[in-house]
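Taken together, the values in this text are just the output of simple stated rules run on the coordinates, not laboratory data. None of these values were measured; they are calculated from a predicted model. Every residue, glycine among them, receives a Cβ derived from its backbone with ideal geometry; neighbour counts consider all protein chains shown.
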Amino acid sequence: MTWGPPRRLAGPRRTTARTRFTALYVTLFLLSGTALLTIAAVVASGGSRDSRTAPGDTGQPAAARVQDRVAELEQQLAQAHDDRTRQILTGCAIALGVMVVLSAVLGWFVAGRVLRPLRVMTAATRRITADGLHERLAMDGPGDEVKELADTIDDLLGRLESSFEGQRLFVANASHELRTPLTTMRASLDVALAKPGPLPPPTTTLAARLRTELDQVDRLLENFLVLARSRQGEFTDTACLALAPLASAALADRAEDITAGDLTVRQDRADGTAWVSGSPTLLRRAVDNLVDNAVVHNGPGGWIGVAVRAEGSAVSLVVESGGPVLDQERVADLVRPFRRLGGDRTGTGRGSGLGLSIVAAIARAHHGTLDLRARPAGGLRVTLILPGAGTDAAP
């Protein structure tokens with residue numbers, strides 16, 4: 001499952017509104033043209049020929065010859081009228097066919113002109129993400145239904161921006177304010193343990209447990225702060241750095257846990273072209289979270305694979321880990337806060353359920369993606385893809 005900037009979902013190709021409008025124009029023109037042609041044919045054939053009966057024999061040969069000649073001329077005139085009518089109808093049918101083609105072209109053009117504001121609105125809306133709600137459609141033009149729709153979407157974006165900003169500020173402020181009582185509780189606990197004289201074993205055990213829980217809450221609050229900052233997408237520190245040293249440092253920091261779990265580490269040779277640009281603090285946190293996730297959610301005697309590669313204009317960090325076979329649909333939920341895969345991946349009791357969600361937010365803030373794949377042989381493959389800075393920008 002890939003997490004990053006929103007993309008257009010692939011699906012069955014549907015008939016566009018422009019095509020439907022064009023088909024409607026052509027159908028209406030064809031029906032009206034056919035009706036007009038039918039009326040013309042009926043009118044033209046109404047007086048095409050008159051049925052007349054030659055008068056009886058009057059005993060006058062000269063009058064009979066004149067009557068026969070008149071009947072012959074009438075037949076010739078009716079035949080010419082029928083031929084002319086057929087020519088007119090044929091010409092009208094050909095003209096109708098030509099006009100149907102022209103109406104299709106003109107209908108396509110007119111439908112495109114009418115739907116152009118909607119296409120502009122669609123493109124602008126796709127560019128607006130959760131980290132760019134400050135953008136607006138700002139459609140110009142007369143106050144018609146399209147302009148009203150654009151203004152309504154702008155109002156909706158304004159309300160969403162206020163809601164998202166309020167949520168971020170609440171998380172940041174709450175996390176910051178909660179640090180003070182936690183520090184006070186930790187100091188009080190240290191003072192109680194530092195008193196002279198032996199302490200009862202239950203008190204020591206309870207104090208150690210409270211210390212562990214306070215550290216867990218402190219890590220949770222720190223994760224909240226990082227998540228709020230990464231979702232805001234505004235960095236005060238920006239630099240060009242390589243991902244391979246960050247991965248090596250993260251593995252070195254967790255050497256004791258790797259040894260305790262009897263884990264085998266396979267790290268590819270560093271790629272000298274794998275440079276990225278962004279916040280060193282957030283990128284370091286993303287790499288630490290990926291390595292920590294592979295260490296914590298692994299089985300005894302398992303393995304970890306780390307590789308950094310430069311692929312075209314992108315740089316990828318791949319962290320793989322062994323373990324049981326996982327369900328891909330459940331793996332996709334790991335980027336959501338406080339989502340885990342149950343006891344199979346949380347046997348150590350560590351982690352707050354925010355690690356991969358923080359990595360996904362950092363990837364989006366750096367215009368990258370996070371891809372989670374369940375390995376067929378068991379375990380998880382996590383790929384962090386970021387835009388490359390290039391060797392020219394490397395320090």
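Computed values, structure above
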{"quantity": "Relative packing of 80-93, 238-251, 287-300, which averages over residues the other C-beta atoms within 10 Å, highest first", "calculated": "287-300, 238-251, 80-93"}
{"quantity": "Order by protection proxy (mean Cβ within 10 Å, highest first), peptides 194-205, 210-221, 373-384", "calculated": "373-384, 210-221, 194-205"}
{"quantity": "Rg to Rh, two decimals, where the stretch 168-232 supplies the alpha carbon set and Rh follows Kirkwood", "calculated": "1.15"}
{"quantity": "Contact order relative to length of the stretch 239-387, as percent, for alpha carbon pairs under 8 angstrom and 6 or more apart", "calculated": "25"}
